[in-house]
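The values are calculated or read from the model by the stated rules, or taken from the named source; none is laboratory data. Treat the numbers as computed from the prediction; the structure is a model and nothing was measured. Note that we place each Cβ from the backbone using ideal geometry, even for glycine, and neighbour counts take in every protein chain shown. In case anyone asks, the SASA skips ligands and DNA or RNA and just uses the protein heavy atoms, side chains included. Shrake-Rupley method; radii C 1.70, N 1.55, O 1.52, S 1.80 Å.
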Amino acid sequence: MPLLDDEDDNKVAEPGAGFDSRGMGLKIQKKLLGKMSSKSIAKHFIDDTTGKVLDATYKIMKEYASKKDAEKMMKCIIKIVVKVGILYRNDQFNADELAMAESFKKKFHSLAMTVISFHEVEFTYDAGFLKSSIEECRQLLQTLIDRHSTDKTKGRVDHVFQSFCDEKLMDVIFASEGKFHEFMKSIVINLRKMMDEGNL
């Protein structure tokens, strides 16, 4: 399966008069990425600390759902990260979208702080509040990528965020000393490290 949808090629950049070298370069970059494995891609777009968060998330999803569901989730997350990374690195976002990206970053930072608080401070867990925060992040990201993406890419975003809105999943991962406690401890430690490194 190609990493990024071929249909997205026509939505990445506005073609200029005559030969569009930037657009062609972007297409070639995407085609090459499409032939790379998820591990190879992760090395280019996902640092070690983020990788540890994703590894722990994979383990939770594998235990909670299934190995197949966990692998699908990770592939969707990596494809989304790569998609946004390519668009940003190639200056494809306009001024309004860059402002939207900043809003998403702030909201996601707030969501991460909420996750940390719910894990570390007893009796603070609030499923409704967490679901609302996740949904706000989903909407912001969908708006950010809207004109650059196909329905397939947007579907991946919905799949990832809606999966984390599962209240049963929330209940078990924030259960004090529950079976996912150590995985969540790893996620929280590395979320804090990402913040210290300025990556969240």
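Quick check on my filter: what residues within region 98-121 are of a type in the set (Phe, Trp, Tyr) and without any contact (Cβ under 8 Å) to a residue 60 or more places away in the chain? Write out each step before concluding.
Narrowing region 98-121 to residues of a type in the set (Phe, Trp, Tyr): 104, 108, 118.
The answer is 104, 118.
For region 140-152, does any single residue satisfy the condition of being more than 18 Å from residue 80 (Cβ to Cβ), open to solvent by less than 80 Å² (accessible area, probe 1.4 Å), touching a residue at least 60 places away in the same chain (Cβ under 8 Å) and out of contact with any Pro (no Cβ under 6 Å at 6 or more places or on another chain)? No, region 140-152 contains no residue that is more than 18 Å from residue 80 (Cβ to Cβ), open to solvent by less than 80 Å² (accessible area, probe 1.4 Å), touching a residue at least 60 places away in the same chain (Cβ under 8 Å) and out of contact with any Pro (no Cβ under 6 Å at 6 or more places or on another chain). Going by the conditions given, is residue 69 outside any helix (DSSP H, G or I), open to solvent by 20 Å² or more (accessible area, probe 1.4 Å) and in contact with a Lys or Arg (Cβ under 9 Å, 6 or more places away or on another chain)? Considered against the rule, which asks whether it is outside any helix (DSSP H, G or I), open to solvent by 20 Å² or more (accessible area, probe 1.4 Å) and in contact with a Lys or Arg (Cβ under 9 Å, 6 or more places away or on another chain), residue 69 comes out as no. Is there a residue in region 40-52 that is open to solvent by less than 70 Å² (accessible area, probe 1.4 Å), among the small types (Gly, Ala, Ser), under 14 Å from the mean Cα position of the chain (by Cα) and modelled with pLDDT of 90 or more? So far as region 40-52 goes, no, none of its residues is open to solvent by less than 70 Å² (accessible area, probe 1.4 Å), among the small types (Gly, Ala, Ser), under 14 Å from the mean Cα position of the chain (by Cα) and modelled with pLDDT of 90 or more.
Looking only at region 156-193, how many residues end up being basic (Lys, Arg) and closer than 20 Å to residue 135 by Cβ? Working first, answer last.
From region 156-193, those basic (Lys, Arg) are 156, 168, 179, 185, 192-193; that's our starting set.
Narrowing further to those that are closer than 20 Å to residue 135 by Cβ: 156, 168.
The total comes to 2.
The single condition from (1) free of Cβ contacts under 8 Å to residues at least 12 places away in the same chain; (2) part of a helix (DSSP H, G or I) that residue 124 fails is (2).
Just name the residue that is nearest to residue 120 (Cα to Cα) out of those in region 132-184 that are assigned to a helix (DSSP H, G or I) and among the aromatic types (Phe, Trp, Tyr). Within region 132-184, the match that is nearest to residue 120 (Cα to Cα) is 183.
Which one is most open to solvent (accessible area, probe 1.4 Å) among residues in region 85-94 that are without any contact (Cβ under 8 Å) to a residue 24 or more places away in the chain and over 26 Å from residue 133 (Cβ atoms)? Let's see the steps before the verdict.
Just the residues of region 85-94 that are without any contact (Cβ under 8 Å) to a residue 24 or more places away in the chain, to begin with: 88-89, 91, 94.
Among the residues that remain, those that are also over 26 Å from residue 133 (Cβ atoms) are: 89, 91, 94.
Values: 89: 145, 91: 116, 94: 64 Å².
Among them, the one singled out is 89.
Please go through region 190-200 and give me each residue that is free of Cβ contacts under 8 Å to residues at least 40 places away in the same chain and open to solvent by 90 Å² or more (accessible area, probe 1.4 Å), ordered by number. Passing the criteria: only 196.
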